[in-house]
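The values are calculated or read from the model by the stated rules, or taken from the named source; none is laboratory data. As the structure is a computational prediction, the values presented were derived from the model and not from experiment. Cβ coordinates were reconstructed from backbone atoms using ideal geometry, including for glycine residues, and neighbour counts include every protein chain displayed. SASA here: full protein model, heavy atoms, side chains in, ligands and nucleic acids out. Shrake-Rupley method; radii C 1.70, N 1.55, O 1.52, S 1.80 Å.
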Amino acid sequence: MRRTLFITLCGVFCAVTLHAQTVFNGRVFENKTRIALHGVVVENLSNKLKAISGDDGRFSIAAKTGNLLVLKSFGYQTDTLFLTDVHDKEIFLEPQRTELKQVTISDSSAKASQAAKNMQYYDPQFHGQTMVYHRNLKKEFDGGIILRMHYFKGDEHKKKKELEKEQQRMLSEEISTIFTADNISHYLPLKDADLGDFLLLYTPDIKVYNGKDFNLLEYLNTSYKTWLTLSPVERKAGRIQFKKE
């Protein structure tokens, strides 16, 4: 009887172990260049958990064989990974390629007219450099030089600002999708009001989230240890801050 009971218990233990969630460790690189990618959002579609890659491209997420992972990052093509096993893996993302459409600029100002004159001196040999050798009407070098002024720096500055805003928006969305009660409850023993108060206090801002050394598991562990030291009133401080905002 004892031997039969022992064998039965071993069988149950093995069955539970096989079906239990394990931790899958991966590392994300840019394809061909093998540059480690920071800030890649990894979502397990099977259990709805999410993680983010660190500065070295590494991430950890609860998963098991048969799960499907989706990897997303700004500037890279979204990729999926079907887990045939839970051994550590390297994943390579392909950069997005954007084809620029031809743009025609119309401007009746004197600046546009002068810019057009400067543009006629563009020479592929010098790849658009600011200073180039002067050519005569026969397109021959005549010993002079041309200093070309750029009249569209304002537009470039505006485009740069718009790109930065778009990056900030995408980072905000990443934070919102990761720091949800449903997702964080799988990592911390908090529920209901306590979990809500924790998120109000410790959902990171973009600067912290995008920091060089940010790691989701380490951040949650450190934040939770701090949370345990707070008084009941201090734990609700996030509600007051939220109302002020």
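Overview of values
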quantity	calculated
Built amide H within the under 5 Å cut-off of residue 40, gap 5+	53
Computed accessible area, residue 157, all protein chains, 1.4 angstrom probe, square angstrom	110
Restraint check, 64/165; 72/236; 50/236; 159/207, Cα-Cα greater than 32 Å	64/165; 72/236
Full-stretch length increase - residue 213, residue 89 - with 0.36 nm per residue and alpha-carbon distance subtracted	42.5 nm
Length released on extending from residue 194 to residue 177, taking residue separation times 0.36 nm less the Cα-Cα span	4.2 nm
Distance (nanometres) between label positions extended 7 Å along Cα→Cβ at residue 96 and residue 161	2.2
Nearest-0.05 FRET efficiency for residue 233 and residue 74, computed from C-beta distance (R0 41 Å)	0.55
Surrounding net charge for residue 228, when Lys and Arg each add one and Asp and Glu each subtract one, Cβ distance under 14 Å	-1
